[in-house]
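*Asks:* Please read through the structure below; I'll follow up with questions.
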């Protein structure tokens, strides 16, 4: 293992040149971290949210979420008064550190709620390195636990590989990476609050995946059981429910945030999906919210 603790500051930026042997565990506040195209990173906001910028989109990693990124150059900056961890390095260093975890030999990207144990192990590792309790070389029990947790996350995604088209494992992995990137772009679009992000279509997604539109529909359905358009509609419906139930945003603002053509179009779609109007949904007592969200009307 070769792991170093790095407290980021303006006077101590993250070193990247000639740094292929070391995996950096960076603690940052409102500083900016820019990672090279070929680096792998695990990002975890501890306080506040994290604004991320990739080569073709930007998105918000919210407090309580974690993300493993291996999809090109990445710029990360937290909101004010925030704190976050970044475990990052060249694939050579990543493999050296997690070499005993088979699932981490060729990581696949993911983003979702951070498991409590993953958050705890990463914080413990950062504290141990900071205080000199964990050596920079030589794997510790905390590192082994972290490798196990990350391996579990990878296996859940890698379970999709047998459904991917390809002559061998490498080709199937490339197919899955392209599809995961498409789904990432869809999530970024749905979660964006900027109206300028409203324009997204199948042709644009297919171009990013280097597929034809028809081929993207077929392979996405084979691997995930739904088309990209169906995935977008599902995420948009879920966000519509959250905005209606968890915020006081006017329906007109929700319509714009979700990219609907008009307020009437949003209202029709909401009632078709959930069997009630947005006004009726806001009147549901909190104790009934889970049941209502879990049983939308059939299409």
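*Asks:* What FRET efficiency comes out for the pair residue 38/residue 267, r = Cβ-Cβ distance, R0 = 41 Å, nearest 0.05?
*Replies:* Numbers: r = 47 Å, r/R0 = 1.14.
For residue 38 and residue 267, the calculated efficiency is 0.30.
*Asks:* Right, another one. Using the basic label-point model (7 angstrom from Cα toward the beta carbon), what is the residue 163 to residue 116 distance in nanometres?
*Replies:* 3.0
*Asks:* Right, something else. Normalised by the residues of region 169-294, what does the relative contact order come to in percent, with Cα pairs under 8 Å and at least six apart?
*Replies:* Numbers: 86 pairs, mean separation 27.0, N = 126.
Answer for region 169-294 is 21 percent.
*Asks:* Here is a further query. Between residue 92 and residue 62, what is the FRET efficiency for a Förster distance of 30 Å, r being their Cβ-Cβ separation, to the nearest 0.05?
*Replies:* With R0 = 30 Å, the Cβ-Cβ based efficiency is 0.45.
*Asks:* Would you list 272, 97 from fewest to most Cβ contacts within 10 Å? Working shown, then result.
*Replies:* Numbers: 272 13, 97 21.
Least to most surrounded, the residues fall as 272, 97.
*Asks:* Determine, from the Cβ-Cβ distance of residue 79 and residue 148 and an R0 of 45 Å, the FRET efficiency 1/(1 + (r/R0)^6), rounded to the nearest 0.05. Before the final figure, lay out each step's value.
*Replies:* Working: r = 31 Å, r/R0 = 0.70.
Result of the calculation: an efficiency of 0.90.
*Asks:* Still on this structure: Based only on other Cβ atoms within 10 Å, what is the fewest-to-most ordering of 57, 86? Intermediate results must be reported in sequence, preceding the final value.
*Replies:* Numbers: 57 17, 86 24.
Least to most surrounded, the residues fall as 57, 86.
*Asks:* Taking neighbour Cβ counts within 10 Å as the exposure measure, how do 131, 56, 49 sort from fewest upward?
*Replies:* Details: 131 9, 56 13, 49 16.
Arranged by neighbour count, lowest to highest, 131, 56, 49 become 131, 56, 49.
Throughout, read-outs are computed from the coordinates displayed, never taken from laboratory work. Keep in mind the model is a prediction, meaning the values are calculated, not measured. Positions of Cβ are generated from backbone atoms using ideal geometry, with glycine treated the same way; all protein chains shown enter the neighbour counts.
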